[in-house]
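The values are calculated or read from the model by the stated rules, or taken from the named source; none is laboratory data. Computed from a predicted model, the values in this text were never measured in an experiment. Virtual Cβ from ideal backbone geometry, glycine too; neighbours counted across all protein chains shown. The area values use the complete protein model at the heavy-atom level, side chains included, leaving out ligands, DNA and RNA. Shrake-Rupley method; radii C 1.70, N 1.55, O 1.52, S 1.80 Å.
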Amino acid sequence: MPVLPATDFHCHSHFSDGALSPIELLELAKARDVRQLSITDHDTVNAYSSSLYASAASAGITLVTGCEISCQWQRRSIHVVGLNLDMASPSFDRAMTIQAKARENRAEKITEVLQRLGFDVMLPQVQALAGVGVIGRPHFAQHLVATNQMPSMAMAFKRVLGGGKPGDIKANWPTLETAVSWITDAGGVAVVAHPMKYKMTLTKLRGLLEEFVAAGGQGLEVLTGYQDAQRVSTLADLAQRYDLYSSAGSDFHQPGQPWAELGRVAALPDRCVPVWTLWS
Ligand code: AMP
Ligand code: MN
Ligand code: MN
Ligand code: MN
C-alpha cells in the first residue's frame with residue numbers, strides 16, 4: 001500500500017469553519033501518528049504562520065501549505081484543494097482577498113434572505129461566531145441552533161442553508177478554470193475535493209474532470225473521510241483514466257464526527273500515484 005507516511009491533506013481550523021486552532025490540529029495529528037498534514041481552510045491560508053511550520057517540524061510532521069477554494073462549474077459549487085502553495089505568491093494573496101470579499105458579500109445576502117424568512121438574525125452575531133475565521137454557512141447554522149430557531153446544524157442545512165434552499169446564495173465564486181489557475185500560478189497542485197459529494201452522475205463527473213485537467217488540474221481526492229470501498233475504487237479508476245495524482249484527506253472540522261476524523265484516512269489503492277510524489 002503506497003500510503004506511507006500517514007497523510008491527511010484536507011482539514012479545517014478555526015480560520016474557516018473548523019473548531020480547533022492550527023496548533024491544536026497539529027497536536028491531534030501528532031497523537032494520531034499523522035506524518036504529513038495540510039490544513040485546507042475554505043478560501044484562506046491564515047492558518048499558516050512561520051511558528052506553525054516550526055511546531056510541525058518539532059512534532060515530526062511535514063506541513064504542506066494548502067487551501068480549499070470555492071468555485072463554480074456549470075452553476076454547481078465545486079471545491080478545489082490547492083496543495084504545496086507558495087505562500088509568498090502575490091497573485092495568490094490577491095485571490096484570497098477576492099474570496100474574502102465574495103464571502104462577506106454572500107453573508108450579507110444570506111442575512112437578508114433569513115430575515116425575510118422570519119428568522120431573527122443580524123450579521124454581527126454571525127460574524128462573532130465565525131471569530132477569527134472567514135464567515136460561511138455553518139456559522140449561520142450555528143446561530144440558528146444557538147438561538148433555538150433550529151434544532152440542529154443538520155436541520156438548518158436541510159431546511160434553509162443547504163443546496164437548493166433559499167440560504168444557499170450563489171456567491172460570486174470564480175470559475176473552475178480561475179480557481180485552478182490561482183493554485184498553479186502559486187506553484188501548487190490543484191486537487192478536486194470530495195468528488196462524490198456533488199451528487200453528480202459519473203458522466204457529469206467525467207465532464208468536470210476533463211475540464212479540470214484542461215485547466216491544469218493534476219489531482220483527485222480518491223480518499224475523503226469515510227467512503228465505501230466501491231466509491232474509492234471508482235475514484236481510483238477515474239484518477240487512472242485522467243492521469244491524475246491521488247490525494248487523501250479526512251475533511252475534519254471538529255472532534256466527534258466519526259465520518260471525518262483527523263488522520264483516519266484509509267490507504268490509497270496500489271494503482272494510485274500519491275500526489276506528494278510531485279514535490280517530495
Ligand atoms: P460554505 O463554505 O459557506 O459554502 O459552507 C460549506 C460548509 O458547510 C461545508 O464545508 C461544510 O463544512 C458545511 N456543510 C455543508 N453541508 C452541511 C450539512 N448538511 N450539515 C452540516 N454542515 C454542512
Ligand atoms: Mn467546511
Ligand atoms: Mn468542501
Ligand atoms: Mn473541506
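Relative to the current alpha-carbon distance between I98 and E177, full extension at 0.36 nm per residue lengthens the span by 26.9 nm. Using a probe radius of 1.4 angstrom, the carbon and sulfur fraction of the accessible surface of the chain is 51%.
The Cα-based radius of gyration of the stretch 39-84, divided by its Kirkwood radius, gives an Rg/Rh of 1.14. Rolling a 1.4 angstrom probe over the protein heavy atoms with all chains in place gives the stretch 1-159 an accessible area of 45 Å² per residue.
Using only the C-alpha atoms, the convex hull of the stretch 142-280 corresponds to 145 Å³ per residue.
Around R231, with a cut-off of 12 angstrom between Cβ atoms, what is the net charge of the other residues, counting Lys and Arg +1 and Asp and Glu -1? Overall, the nearby charge balance is -2. The order of the peptides 30-36, 263-269 by mean Cβ neighbours within 10 Å, most packed first, is 263-269, 30-36. Remark: the chain carries a charge dipole of roughly 800 debye about the Cα centre, counting +1 on each Lys and Arg Cβ and -1 on each Asp and Glu Cβ.
Summing charges over neighbours of K109, with a neighbour being any other residue whose Cβ is under 12 Å away from its Cβ, gives +1 when K and R count +1 and D and E count -1. Net length available on complete extension from Q254 to V273 is 3.9 nm, with 0.36 nm assigned per residue and the Cα-Cα distance removed. For the stretch 185-280, the solvent-accessible area with a 1.4 angstrom probe is 46 square angstrom per residue.
The stretch between D33 and K199, if pulled fully straight at 0.36 nm per residue, gains 56.5 nm over its current Cα-Cα span. Site pair A154 and Y226 shows an inter-label distance of 1.0 nm when each label is modelled 7 Å from Cα along Cα→Cβ.
Note on the chain: the alpha carbon radius of gyration divided by the globular reference 2.2 N^0.38 Å gives 0.97.
Using a Gaussian network model of the chain with C-alpha springs under 10 Å, which one of H42, H79, H143 is most mobile by mean-square fluctuation? Highest fluctuation of the listed residues: H143.
The residues packed around H143, meaning those with a beta-carbon under 12 Å from its beta-carbon, carry a net charge of 0 if Lys and Arg are +1 and Asp and Glu are -1.
When peptides 232-243, 180-191 are sorted by average Cβ neighbour count within 10 Å, with the highest value leading, the order is 180-191, 232-243.
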